[in-house]
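J.: One structure follows; several queries about it will come next.
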Amino acid sequence: MRKQYLEIDGIPVLLRAVVPFLSDPRIQQVVVVIPADDVEAPPPWLASLGVRIVAGGAERGDSVRNGLAAVEAEADFVLVHDGARPFVSSEVIDRVLEAAPSAAIAAVPVTDTMKEVDGDGAITGTPDHARLWQAQTPQGFPREGLARAYARAREEGLAATDDAALYERYVGPVRVVMGSYRNLKVTRPADLAIAEALALAPGDGEGE
């Protein structure tokens, strides 16, 4: 089963990721990008939400580009959220939206010591972790600027692993706003176990 369809306390990861955006009155449209094979027959719980469902691409950047193309023409600011992050809070969404029209991403300060390592595994540097933040989603951008960044990246054959990195490269500065340590990404089996515990834990986890 695809990771975004796995359940956390009986609720699919993707459903948990989408609902906070559907609940925000400032958000006019929600586009959900899923694997192309699933578009014709999406999960019933997704089909019933009233979101626009579009097919993803071969790479992450292709999927974001497809999602952007499906956004209504009058939208001037877009949020990009990872469907594998099931615990985004309304407070985090607020902070990204409040940064508009500036580009901004949710992120949290790094708490561990970080190391730069070469191809042989040797440490080449120890960055000051006080200046390092771990990027999360949602990431918010002026729609035209993000579309332009993706168009430039496509022209230059640059693979997009992070929307903010493309925006920084081709358009302009991106701000950081406080995310949440609870806003984890489910990528490995261990993450699912942590997510199950978080689903049962009280509080919103902001700043924890």
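J.: Please work out which one of (1) farther than 22 Å from Val174 by Cβ; (2) among the small types (Gly, Ala, Ser); (3) in contact (Cβ under 8 Å) with a residue 12 or more places away in the chain is the condition Ser89 fails and give its number.
T.: That leaves (1) as the condition not met.
J.: Sticking with this one: Filter segment 21-53 down to the residues that are touching a helix residue (DSSP H, G or I) at 6+ places or on another chain (Cβ under 8 Å) and either among the hydrophobic types (A, V, I, L, M, F, W, C) or buried (at least 19 other Cβ atoms within 10 Å of the Cβ) (or both) and list them by number.
T.: Phe21, Ile27, Val30, Val31, Val32, Val33, Ile34, Trp45, Leu46, Leu49, Val51, Ile53
J.: OK, next. If Leu22 satisfies all but one of (1) aliphatic (A, V, I, L, M); (2) free of Cβ contacts under 8 Å to residues at least 60 places away in the same chain; (3) within 20 Å of Met178 (Cβ to Cβ), what's the number of the condition it fails?
T.: Going through the list (1) aliphatic (A, V, I, L, M); (2) free of Cβ contacts under 8 Å to residues at least 60 places away in the same chain; (3) within 20 Å of Met178 (Cβ to Cβ), Leu22 breaks only (3).
J.: Can I ask one more? Could you check, for segment 126-147, whether at least one of its residues is of a type in the set (Val, Ile, Thr), surrounded by 11 or more Cβ atoms within 10 Å (Cβ to Cβ) and out of contact with any Leu (no Cβ under 9 Å at 6 or more places or on another chain)?
T.: no
J.: Right, here's the next one. For residues in segment 149-171 being under 21 Å from Glu98 (Cα atoms) and in contact with a Gly (Cβ under 7 Å, 6 or more places away or on another chain), which is surrounded by the most Cβ atoms within 10 Å (Cβ to Cβ)?
T.: Tyr167
J.: If you don't mind, there's one more thing I want to ask. Return the residues of segment 92-103 that are surrounded by 15 or more Cβ atoms within 10 Å (Cβ to Cβ) and under 15 Å from the mean Cα position of the chain (by Cα); say none if nothing qualifies.
T.: The answer is Val92, Ile93, Arg95, Val96, Leu97, Ala103.
J.: Separate question: I'd like to verify a number: residues in segment 190-208 that are over 17 Å from Glu91 (Cα atoms), at pLDDT below 90 and in contact with a helix residue (DSSP H, G or I) (Cβ under 8 Å, 6 or more places away or on another chain), how many?
T.: Selection size over segment 190-208: 0.
J.: Shifting gears a bit: Quick one: is Ala55 over 25 Å from Thr161 (Cβ atoms) and among the aliphatic types (A, V, I, L, M)?
T.: It is false that Ala55 is over 25 Å from Thr161 (Cβ atoms) and among the aliphatic types (A, V, I, L, M).
The values are calculated or read from the model by the stated rules, or taken from the named source; none is laboratory data. Note that the structure is a prediction, hence the values are computed from the model and not measured. Counting neighbours? That spans all protein chains shown, and the Cβs are built from the backbone with ideal geometry, glycine included.
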